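In what follows, a structure is listed as structure tokens, so that the remarks can point back to it.
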Amino acid sequence: MSSPVQPALTIDALGKKCPIPIIMLAEQINAVPLNAVVAVLADDPAAYTDVPAWCRLKSHPHVGTYELPQGGWAIHVRRNY
Amino acid sequence: MAYLDAASTEPLHPAAREALLTTLDTGWADPARLYGSARRARLLLDQARTEIAESLGARPDEVSFTASGTQAVHLGVLGALGGRRRVGSRVVAGAVEHSSVLHAATLGSATTPATAPATASGSPGLVTVPVSLTGRVDLAAFAAAVSAEGTALACLQTANHEVGTLQPVAEAAAACRTAGVPLLVDACQTAGRLPVPDGWSVLAASAHKWGGPSGVGVLAVRKGTRFRSALPEDERERGRVPGFVNVPAIVASAAALRASLAEAEAENARLSALVDLVRRRVPELVPDVEVIGDPVERAPHIVTFSCLYVDGEVLLTELDRLGFAVSSGSSCTASTLRPSHVLEAMGVLTHGNVRVSLPRGAQAADVERFLTVLPDVVRRIRLDAGVA
């Protein structure tokens, strides 16, 4: 994937089990302006599937998923509404 | 307790219970021996084998009995690979196959050394074919994968065990036939409910899922399929399954299969209507929920949905407290490290997942009561998790 854009907000959900990472994302996505990107940092393998699935259900675009050097991913989501 | 977990196991059919009790007295002797009680056991076993074979679209001499559906899959995958060593050891399987298929294929392709040299396109190992959002295998990708050089075996389920989606077995079988690759069909979720699709080389099924007793699986190997058992030589069950045969349980399984198939048409229609009710009502009653799996091309008795922001284990525990036995493919728990490979491959939520699977005779009133209690259970769990 192309290099990630700078997120307006980074949510640190490392060490948190699903569904907590997407609960944190749902709570905080409205804190960024429209079309800004939120990065969810997570290392629960379920988050790798669940964050993009949440994006599909909630109609927020999933921008990309980037591996973190220490393990886990930065999953980027664009606020759509 | 409303039992809504038939996809895990179907309660014993009354016809099977009766046959089991009778045959414990009449069919206990060793069917391989030559005296009266042994001949009686042999006759009972032969009759049961003939009946089960005919019901599943096999010949009696193609059918061996195993201890479970999982064992049938394990022996089927390993035996088919053993018979194809000259070709290679590559296995193609749908990404949402039962774990028994994926584990046996991984083991078999690593431990059955192909005598043919590996090529770049035909390297050994397990190749999983992606599925759609509804869990249906990508047919074009499946056909392309089986036609690659070095492919020893292809595997496809009739219906998915977690979401109920039917797989395009007949079309996949045609692709396998063209490529000259044997196809193992895992019919565990549909045998006894739906006709077994044509085109299999190896077939696996499980009696306790159609109302038979536990401890009986079916391994059928089509005439002309190269098969070499992975286990030590044994004279029982055509050398495919070692050990003493459980005649009473097999006779009971045949009785259950006969009874289930006789009821299947009417019962499938009734259960399918209840599944449609759940599929329609759950999203109306519960916010932030997704019903998954194919709405039409599905097993008649299985429906699965996922609730956002809900821990699946907490949800199942609450439903159990309220008198509902249901299951979940989600595994966001301390006891399992990985989410469900089925939900992952589909790209749907892997948490908050509930599978409702209706046994024979499931009551409409129980399904309606389930729909009545579900919204408040989900609401309370979300409230506790801090989701307004």
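Residues checked against (1) within 14 Å of chain B (Cβ to nearest Cβ); (2) closer than 25 Å to B:Leu133 by Cα; (3) open to solvent by less than 10 Å² (accessible area, probe 1.4 Å):
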site	(1), (2), (3)
A:Pro7	no, no, no
A:Gly15	yes, no, no
A:Ile22	yes, yes, yes
A:Glu27	yes, no, no
A:Tyr48	yes, yes, no
A:Val51	yes, yes, yes
A:Glu67	no, yes, no
A:Arg78	no, yes, no
> Can you find a residue in the stretch B:202-210 that is more than 18 Å from B:Ala67 (Cα to Cα) and crowded, with 24+ Cβ neighbours inside 10 Å?
Replying inline: no
> Which one is farthest from the other protein chains (Cβ to nearest Cβ) among residues in the stretch A:29-46 that are closer than 17 Å to B:Tyr309 by Cβ and surrounded by 14 or more Cβ atoms within 10 Å (Cβ to Cβ)?
Replying inline: A:Val38
> Restricting the stretch B:341-377 to residues that are within 16 Å of B:Leu316 (Cα to Cα), in contact with a strand residue (DSSP E or B) (Cβ under 9 Å, 6 or more places away or on another chain) and among the polar types (S, T, N, Q), which is nearest to the other protein chains (Cβ to nearest Cβ)?
Replying inline: B:Thr350
> Could you say which residue among B:Ala29, B:Ala104 is aliphatic (A, V, I, L, M), assigned to a helix (DSSP H, G or I) and either more than 30 Å from B:Gly323 (Cα to Cα) or in the same structural domain as B:Ala175 (by TED's automatic domain parsing) (or both)?
Replying inline: B:Ala104
> Of the residues that sit in the stretch A:53-65 and are within 15 Å of B:His351 (Cα to Cα) and open to solvent by less than 30 Å² (accessible area, probe 1.4 Å), which one is nearest to the other protein chains (Cβ to nearest Cβ)?
Replying inline: A:Ala53
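Yes/no matrix, rows are residues, columns are (1) modelled with pLDDT under 95; (2) under 15 Å from B:Cys176 (Cβ atoms):
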site: B:Leu78; (1), (2): no, no
site: B:Gly88; (1), (2): yes, yes
site: B:Ala95; (1), (2): no, no
site: B:Gly108; (1), (2): yes, no
site: B:Ala118; (1), (2): yes, no
site: B:Gly122; (1), (2): yes, no
site: B:Val127; (1), (2): no, yes
> Between a first residue in the stretch B:371-388 that is more than 15 Å from B:Gly312 (Cα to Cα) and a second residue that is open to solvent by 30 Å² or more (accessible area, probe 1.4 Å), which pairs have beta carbons less than 6 Å apart while being 6 or more apart in sequence or on different chains?
Replying inline: B:Leu371/B:Arg281; B:Val373/B:Leu322
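Yes/no per residue for (1) among the basic types (Lys, Arg); (2) farther than 24 Å from B:Ser132 by Cα; (3) crowded, with 19+ Cβ neighbours inside 10 Å:
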| position | (1), (2), (3) |
| --- | --- |
| B:Pro283 | no, no, no |
| B:Gly312 | no, no, yes |
| B:Ser327 | no, no, yes |
| B:Arg338 | yes, no, no |
| B:Leu358 | no, yes, yes |
| B:Ala364 | no, yes, no |
| B:Phe370 | no, yes, yes |
| B:Gly386 | no, yes, no |
> Taking B:Leu261, is it in contact with a Gly (Cβ under 7 Å, 6 or more places away or on another chain), open to solvent by 60 Å² or more (accessible area, probe 1.4 Å), in contact (Cβ under 8 Å) with a residue 24 or more places away in the chain and assigned to a helix (DSSP H, G or I)?
Replying inline: yes
> Out of curiosity, is A:Trp73 modelled with pLDDT of 95 or more and open to solvent by 30 Å² or more (accessible area, probe 1.4 Å)?
Replying inline: yes
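The values are calculated or read from the model by the stated rules, or taken from the named source; none is laboratory data. Bear in mind the structure is a predicted one, so any value in this text is a computation, not a measurement. Every residue, glycine among them, receives a Cβ derived from its backbone with ideal geometry; neighbour counts consider all protein chains shown. All accessible areas refer to the heavy atoms of the entire protein, side chains included, with ligands and DNA or RNA removed. Shrake-Rupley method; radii C 1.70, N 1.55, O 1.52, S 1.80 Å.
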